[in-house]
1. Which one of the conditions (1) part of a strand (DSSP E or B); (2) crowded, with 16+ Cβ neighbours inside 10 Å; (3) more than 14 Å from chain A (Cβ to nearest Cβ) does B:Ser77 fail to meet, given that it meets all the rest?
2. Report whether or not B:Ser24 is of a type in the set (Ser, Thr, Tyr), in a strand (DSSP E or B) and under 28 Å from A:Gly110 (Cα atoms).
3. Mind counting the residues in segment A:4-41 that are modelled with pLDDT under 90 and among the small types (Gly, Ala, Ser)?
4. Working only within segment A:39-64, note down all residues that are in contact with a strand residue (DSSP E or B) (Cβ under 6 Å, 6 or more places away or on another chain), at the interface with another protein chain (Cβ under 9 Å from one of its Cβ atoms) and among the charged types (D, E, K, R).
5. I'm trying to understand the selection: among the residues of segment A:86-115, which are more than 8 Å from chain B (Cβ to nearest Cβ), modelled with pLDDT under 95 and part of a loop (DSSP other than H, G, I, E, B)?
Amino acid sequence: NAGVMQNPRHLVRRRGQEARLRCSPMKGHSHVYWYRQLPEEGLKFMVYLQKENIIDESGMPKERFSAEFPKEGPSILRIQQVVRGDSAAYFCASSPRLALNTGELFFGEGSRLTVL
Amino acid sequence: KNEVEQSPQNLTAQEGEFITINCSYSVGISALHWLQQHPGGGIVSLFMLSSGKKKHGRLIATINIQEKHSSLHITASHPRDSAVYICATNGDSGGSNYKLTFGKGTLLTVNP
């Protein structure tokens, strides 16, 4: 059973370009969460999605960032018009049900975005 | 606002030593996570705790809810244990385990 798959593992973009990060949850998992890890800082929650629905995007910057989890295919975190401050590691996690007190989160390997 | 503090920030040990990493938090929680992150690598969930103690192999995690404190212990440490260990809690999130507050991590280096 494959784990949470993220790609690309490394992505380099110039300022103003778009970055698309993909996350395929573990088989049987319908809940996806994105986190960002800025250099020298701790992880921070960005967004929680179920299939075709954004449940909680309270951690997402209001502009340039969007996320989706379509009925078919991976979840995508999209960053438009990237700036240097977007350089970070972006982690995806999944769970088979809402990660309340009963469940663990299963994390991917992360996508490391570098903005030149 | 929940704050999660870890100590030490950096820890260097010799192979075989007993390791303790501490985590303190500021608000009531219903669950605390310990995570492991290898340099440039992904994140692995080690433990989720709501009370008492859990053990997995050479790893032991304890939590004292009254004192708002948790510890992660590694017995008979090995160079492959070298990683960043991250504490995270669900304080302020209404009990949801996805909207965690993360510590900045403890970088552990175990020398042979």
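1. So B:Ser77 meets the others, but not (1).
2. Numbers: of a type in the set (Ser, Thr, Tyr): yes; in a strand (DSSP E or B): yes; under 28 Å from A:Gly110 (Cα atoms): yes.
Yes; evaluated as a whole, the condition is true for this residue.
3. 2
4. A:Lys44, A:Asp56
5. Those that are more than 8 Å from chain B (Cβ to nearest Cβ), modelled with pLDDT under 95 and part of a loop (DSSP other than H, G, I, E, B): A:Pro96, A:Arg97, A:Thr102.
The values are calculated or read from the model by the stated rules, or taken from the named source; none is laboratory data. Remember, it's a predicted structure, so these values are computed and weren't measured experimentally. All Cβ positions, even for glycine, are placed from backbone atoms using ideal geometry, and neighbour counts span all protein chains on display.
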